[in-house]
Amino acid sequence: MKIRRKYLFYALAFTSAIIAALVSTIDSTIINLYISDAWAFGVSCFIVGALISLIIILFFSIPVKKKSLGSRVIDPSFRRLRLFKKEELKYHLIAGFGNSILTIGYFFLLSMLRDPSTVLPFSQIAILYLVGIESITEKNIPTLSEIQSSVIVVFGAILGSISLTGTITLESMAIVFLVISPAWVLFSIYQRKLKMLKIDNRPNDALNIRFWNVVFACVFTIIIVTIYDFLMSSGHLLAGLNASIEHFGWVALTMGITFFSYVFYIRALGIGKASVTQAVRASTVLFAIPFSIILSYFNIIPPITTDPVMILLKIIGITLVILGIVSFALTLFKAYIFIRVKSGYSIEETMEKLWKINGVTRVAAVAAPYDIMVKIRTRTLVKGYERIVRKIEEIEAIKEYRWESVLKEWEKI
Amino acid sequence: MINAYVLTVMRPGNTDKAIKEMRKLENVEKISVVAGEYDIVIRVHVKSLGDLLKVTDKIQLIEGVKKTTTQVIEKEIAL
């Protein structure tokens, strides 16, 4: 069954966003009522999380009519729980380290601000970092529209984060800009790389990626907290182990739901660019509001402000986030370029030259009537001409080329 | 495994119906409606050349398909 790639992408990213809002509400409840120590919460969530993730992935490994349950209901690429491959190791190490740092940072932010509808918008700043990193790693210089959208989302997120309870501190800003966002970028980019890998000639599956990410993040968290305890003579590791036992139910609940949020997020990452996925997932700021109102009603977080200025700021922030997301989503052109190469020139060398052009996402040497097929991605047709066509024309080996704009596309996911 | 692009030229008026049929085919990874010399670019992923022939045969039998050209991928670089 082939469906429009973008529909699946948005369905996955929005589902992930809704679940993320729910998870933040549960996290906020836990940190406000049960485990106030962010280090200890970090340790306990990964220890319990590894166990819960193992149970979930074993459950989804159960075969049903020759296919695993996970393959039928979660990710068609999933077969069963498996050991990570050698080529996945370095990506898991970096993504696991990123997850460990961002989770501890996020719990610190949550313990400071308390309100999930304040913390979640703030965490969307990571999108700026992602656009910058993608311009380096994916040979895709951000266009003006991408920069505009990112800035709109970021300002919207900042406005959203100073409303409801009206709390904002320099310390929390430092955590967001220096800890959470860089760590989120590592986590997000390397999970995407894992998702793009082919394992045994099949696309890598989101369930195994998530499970091994939690395992690696657990190891890194224990190492980081142990070093911190050793240097500061504190006892966060022990507190974390105790919390894992005493509040097992709550931590298992949040980590169980988080598992699904990230599985959907990883699948979305395999379809869209990391920055666009992050932009859509930024809608979590909207979904967090009703949850925050519930928390406030039960006195778990401070009462939500009724100051009209604060409410107006919140509305402006949300509007900006939505506008940023929409403009991100609606400006992307794709095209195929069919190329014939002059005789006497190397196809492989020509492929390498084409691959170096910004915006080229795929180069394939093919057998007749054309020699090379190139797939490109550009934000505007003008940029497609300036950055791609002009560069192609500079390659001496190219005899002729044909540009075929993609009007609509379906893909097997 | 063999990957190939099947470049398809369509007769006017049948494209939507033909795409519906193409989406049902096994081994079809991607269907792109394009503007230019061709009308639809189909990416297929098969185990052997025999399977490739079966897929291209099925595509050619779809109503509205006027002509197909198969480009077998020999080497590929992708993000």
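Is one or more of the residues making up the range A:58-79 β-branched (Val, Ile, Thr) and crowded, with 19+ Cβ neighbours inside 10 Å? Spell out the reasoning first.
Applying the first criterion (β-branched (Val, Ile, Thr)) to the range A:58-79 yields A:62, A:64, A:73-74.
After this cut, where a residue has to be crowded, with 19+ Cβ neighbours inside 10 Å as well, the list is A:74.
Checked the range A:58-79: at least one residue is β-branched (Val, Ile, Thr) and crowded, with 19+ Cβ neighbours inside 10 Å.
Kindly indicate the residue of the range B:47-69 that is assigned to a strand (DSSP E or B) and surrounded by fewer than 20 Cβ atoms within 10 Å (Cβ to Cβ) and also farthest from the other protein chains (Cβ to nearest Cβ) among those meeting that condition.
Step one: of the range B:47-69, the residues assigned to a strand (DSSP E or B) are B:65-69.
Going one step further and asking which of them are surrounded by fewer than 20 Cβ atoms within 10 Å (Cβ to Cβ), we end up with B:66-69.
On the way: B:LYS66: 16, B:LYS67: 12, B:THR68: 12, B:THR69: 6 Å.
Checking each candidate, the answer is B:LYS66.
It is to be established whether one or more residues within the range A:392-406 are more than 22 Å from A:ILE347 (Cβ to Cβ) and at the interface with chain B (Cβ under 7 Å from one of its Cβ atoms).
Step one: filter the range A:392-406 for residues more than 22 Å from A:ILE347 (Cβ to Cβ), giving A:405-406.
Next, from what is left, pick out any that are at the interface with chain B (Cβ under 7 Å from one of its Cβ atoms): A:405-406.
Looking for residues that are more than 22 Å from A:ILE347 (Cβ to Cβ) and at the interface with chain B (Cβ under 7 Å from one of its Cβ atoms), one finds at least one in the range A:392-406, hence yes.
Scan A:LYS383, A:LYS408, A:LYS356, A:LYS399 and give me the residue that is closer than 30 Å to A:ASN204 by Cα and either surrounded by 17 or more Cβ atoms within 10 Å (Cβ to Cβ) or touching a strand residue (DSSP E or B) at 6+ places or on another chain (Cβ under 7 Å) (or both). Outline the logic, then answer.
Values: A:LYS383 fails: closer than 30 Å to A:ASN204 by Cα; A:LYS356 fails: either surrounded by 17 or more Cβ atoms within 10 Å (Cβ to Cβ) or touching a strand residue (DSSP E or B) at 6+ places or on another chain (Cβ under 7 Å) (or both); A:LYS399 fails: closer than 30 Å to A:ASN204 by Cα.
A:LYS408 is the lone residue from the list that is closer than 30 Å to A:ASN204 by Cα and either surrounded by 17 or more Cβ atoms within 10 Å (Cβ to Cβ) or touching a strand residue (DSSP E or B) at 6+ places or on another chain (Cβ under 7 Å) (or both).
May I ask you to say which residue of A:VAL389, A:VAL382, A:VAL374, A:VAL363 is closer than 25 Å to A:LEU332 by Cα, at the interface with chain B (Cβ under 9 Å from one of its Cβ atoms) and among the aliphatic types (A, V, I, L, M)? Step through it out loud before you land on a result.
Numbers: A:VAL389 fails: at the interface with chain B (Cβ under 9 Å from one of its Cβ atoms); A:VAL382 fails: at the interface with chain B (Cβ under 9 Å from one of its Cβ atoms); A:VAL374 fails: at the interface with chain B (Cβ under 9 Å from one of its Cβ atoms).
Sole residue among the options that is closer than 25 Å to A:LEU332 by Cα, at the interface with chain B (Cβ under 9 Å from one of its Cβ atoms) and among the aliphatic types (A, V, I, L, M): A:VAL363.
Scan the range A:10-69 residue by residue and report those that are touching a residue at least 60 places away in the same chain (Cβ under 8 Å) and of a type in the set (Ser, Thr, Tyr).
Scanning the range A:10-69 gives A:TYR10, A:THR15, A:SER16, A:SER24, A:THR25, A:SER28, A:THR29, A:TYR34, A:SER36, A:SER44, A:SER53.
Quick check on this structure: which one of A:ASP75, A:ASP115, A:ASP37 is within 18 Å of A:THR258 (Cβ to Cβ) and of a type in the set (D, E, K, R)?
That would be A:ASP75, the only listed residue that is within 18 Å of A:THR258 (Cβ to Cβ) and of a type in the set (D, E, K, R).
Look through the range A:380-404, keep the residues that are hydroxyl-bearing (Ser, Thr, Tyr) and touching a helix residue (DSSP H, G or I) at 6+ places or on another chain (Cβ under 9 Å), and return whichever of them is modelled with the lowest pLDDT.
Of the range A:380-404, the ones hydroxyl-bearing (Ser, Thr, Tyr) are A:380, A:385, A:401.
So of that shortlist, the ones also touching a helix residue (DSSP H, G or I) at 6+ places or on another chain (Cβ under 9 Å) come out as A:380, A:401.
Numbers: A:THR380: 74, A:TYR401: 94.
Top of the filtered list is A:THR380.
Pairs only if they're at least six apart or on different chains, beta carbon under 9 angstrom, first in the range B:33-45 and more than 7 Å from every other protein chain (Cβ to nearest Cβ) and touching a residue at least 12 places away in the same chain (Cβ under 8 Å), second part of a loop (DSSP other than H, G, I, E, B) and of a type in the set (S, T, N, Q); list them, first residue then second.
Here the result reads B:VAL44/B:ASN27; B:HIS45/A:ASN201; B:HIS45/B:ASN27, each pair linking the range B:33-45 to a residue that is part of a loop (DSSP other than H, G, I, E, B) and of a type in the set (S, T, N, Q).
Looking at (1) at positive phi; (2) more than 10 Å from chain B (Cβ to nearest Cβ), which one does A:ILE293 not meet, given that it meets all the others?
It fails just one condition, (1).
Yes/no matrix, rows are residues, columns are (1) modelled with pLDDT under 65; (2) buried (at least 19 other Cβ atoms within 10 Å of the Cβ); (3) within 30 Å of A:ILE376 (Cα to Cα); (4) touching a Phe, Trp or Tyr at 6+ places or on another chain (Cβ under 6 Å):
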residue: A:ILE125; (1), (2), (3), (4): no, yes, yes, no
residue: A:ILE133; (1), (2), (3), (4): no, no, yes, no
residue: A:SER149; (1), (2), (3), (4): no, yes, yes, yes
residue: A:ILE152; (1), (2), (3), (4): no, yes, yes, no
residue: A:ALA174; (1), (2), (3), (4): no, no, no, no
residue: A:SER188; (1), (2), (3), (4): no, yes, yes, no
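Are there any pairs with C-beta distances below 7 angstrom linking a residue in the range A:179-206 that is more than 12 Å from chain B (Cβ to nearest Cβ) and assigned to a helix (DSSP H, G or I) to a residue that is surrounded by fewer than 24 Cβ atoms within 10 Å (Cβ to Cβ) and of a type in the set (Asp, Glu), with the two at least 6 apart or on different chains, and if so which?
These pairs meet every condition: A:LEU194/A:GLU88.
Considering only the range B:23-45, state which residues are within 21 Å of A:ARG202 (Cα to Cα) and surrounded by fewer than 20 Cβ atoms within 10 Å (Cβ to Cβ).
Result: B:ARG23, B:LYS24, B:LEU25, B:GLU26, B:ASN27, B:GLU29, B:LYS30, B:HIS45.
Each row is one residue, and each column tells you yes or no for (1) at pLDDT below 80; (2) buried (at least 17 other Cβ atoms within 10 Å of the Cβ); (3) over 28 Å from A:LYS375 (Cβ atoms).
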residue: A:VAL263; (1), (2), (3): no, yes, no
residue: A:ASN299; (1), (2), (3): yes, no, yes
residue: A:ILE304; (1), (2), (3): yes, yes, yes
residue: A:LEU312; (1), (2), (3): no, no, yes
residue: A:VAL321; (1), (2), (3): yes, yes, yes
residue: A:VAL341; (1), (2), (3): no, yes, no
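At least 2 residues that are outside the structural domain of A:PRO116 (by TED's automatic domain parsing) and charged (D, E, K, R) in each: list the helices (runs of 4 or more DSSP H) lying fully within the range A:296-413 that qualify. Before you say what the answer is, go through the steps one by one.
Details: elements: A:308-329, A:347-355, A:390-394.
Passing ranges, in order: A:347-355, A:390-394.
The values are calculated or read from the model by the stated rules, or taken from the named source; none is laboratory data. None of the values given here were measured: they were computed from a predicted structure. Cβ: placed from backbone, ideal geometry, glycine included. Neighbour counts: every protein chain shown.
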